[in-house]
Amino acid sequence: MRIFDPHIHMTSRTTGDYEAMYAAGVRAVVEPSFWLGQPRTSPASFFDYFDSLLGWEPFRAAQYGITHHCTLALNPKEANDPRCTPVLDELPRYLAKDPVVAVGEIGYDSMTPAEDTALATQLQLAADHGLPALVHTPHRDKLTGLRRTLDVVRESALPCERVLLDHLNETTVAEARNSGAWLGFSVYPDTKMDEARMVALLKQHGTERILVNSAADWGKSDPLKTRKVGDAMLEAGFSDDDVDEVLWRNPVAFYALSGRLDLHLTQPEPLHEGNSILRGGE
C-alpha cells in the first residue's frame, strides 16, 4: 500500500514518527502551515517557520525515504491578530518557492471579518501564482462555515476545481461535492472523523476527488491514520485500486495542479545548513 498524507504537521512530530510512517507505506507528505498553539506575536516568527517548512522538514523527511512538500499561508486563527496580518504582504516571495504546492491552510476559524479578508486575499494570491488552495473549514458550525467559504471562493479568481475543502464530515460532504471542489477528510482521534465513519462516507459518496489525511500535529493525533483507513477500506470490501485512488492518486492529482509536485526522492544530504538529525555527536 502506497500512501500520500496530504495534510500532516510534521514540525510537531518526531523522527520515530517518520520511521513508523515509512514502515506503514507513507512515501509522500504535504505539510500545511498552521497555528502552533502558542500565539505568534510578529511576522518574523512566521518567516522562520516558513523557512523550516521549505528546508529543514524536507531534509528530515528525506532521511526516512519520504518526500515532503508544503503549503504556506496566514492561518485563519491568526488572521484575527493585527500583529500577524503583515504576513500577507510578504507571502508572495515564499509562494514562488518550488516546494510550495498550494496556498494553505486558509479559510475560517471563528468566521470574522478579518478572516473574510485574509481568505479573499490569499485566494487571489493562489490565482496569481498558479497554485491551488487548501481551505480549512471551521471546527464549529461547519455547514455555515462551508457555505460562507464557498461564497468567497466563487467570488474569487480561483476556480472551485482548484480548491481542496478540508476537515469535512457528514454534514458538509454533499454540498462540498456539489461545488466541484476536491474533498478532504481529517481522520483524527476523538474530535474529527474516524476510520469507520470515513469508510461509510466512501461507500455513500465514492472515491472520486476524495483525499484522506491524518492532520497529525501537537494534539492528540496519530500519523498512521491514513494507513488505518486503507486497512479499514480493504476490510469493508474496497479494492486495492480504490485504496490507491484515495490514498495516493487523488492527492497526487490535486497537488500536481501546482505544476511543482516532485515525488522523485534523491539520496539525501547528510547535513542541512551544517546540522544533522543526530544530537549529541557524530
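Computed from label points 7 Å out along Cα-Cβ, the spacing between Thr191 and Leu278 is 3.7 nm.
Only helices enter this figure: runs of n ≥ 4 DSSP H residues, each worth -39500 (n - 2.57), summed and divided by the residues of the chain, yield -11000 deg cm²/dmol at 222 nm to the nearest 500. For the pair Glu235 and Trp56, what calculated FRET efficiency results from E = 1/(1 + (r/R0)^6), where r is the Cβ-Cβ distance and R0 = 30 Å, to the nearest 0.05? The formula returns an efficiency of 0.20 here. Judged by the mean number of other Cβ atoms found within 10 Å, the most tightly packed of the peptides 216-222, 165-171, 1-7, 265-271 leads the ranking 1-7, 165-171, 216-222, 265-271.
Of all beta bridges that DSSP places with both ends in the chain, some 5 percent have antiparallel geometry. Give Lys142/Lys225; Lys97/Lys203; Lys142/Lys203 a once-over and call out the pairs whose C-alpha atoms are over 28 Å from each other. From Lys142/Lys225; Lys97/Lys203; Lys142/Lys203, over 28 Å: Lys97/Lys203. Extending 7 Å from the Cα toward the beta-carbon at both Glu19 and Asp151 defines two label points whose distance is 5.1 nm.
Net length available on complete extension from Glu161 to Asp262 is 34.3 nm, with 0.36 nm assigned per residue and the Cα-Cα distance removed.
Spacing of the modelled spin labels on Ala120 and Glu90, each 7 Å from Cα toward Cβ, amounts to 2.5 nm.
A full extension of the chain between Asp128 and Ala200 corresponds to an added length of 22.1 nm, given 0.36 nm per residue minus the alpha carbon distance.
A simple count of charges around Glu245, restricted to other residues whose Cβ falls under 12 Å of its Cβ and scoring Lys, Arg +1 and Asp, Glu -1, yields -2.
A short reminder: the numbers here are calculations on the coordinates, not readings from a lab. Please read these numbers as outputs of a predicted model, since none were measured by experiment. Cβ coordinates were reconstructed from backbone atoms using ideal geometry, including for glycine residues, and neighbour counts include every protein chain displayed.
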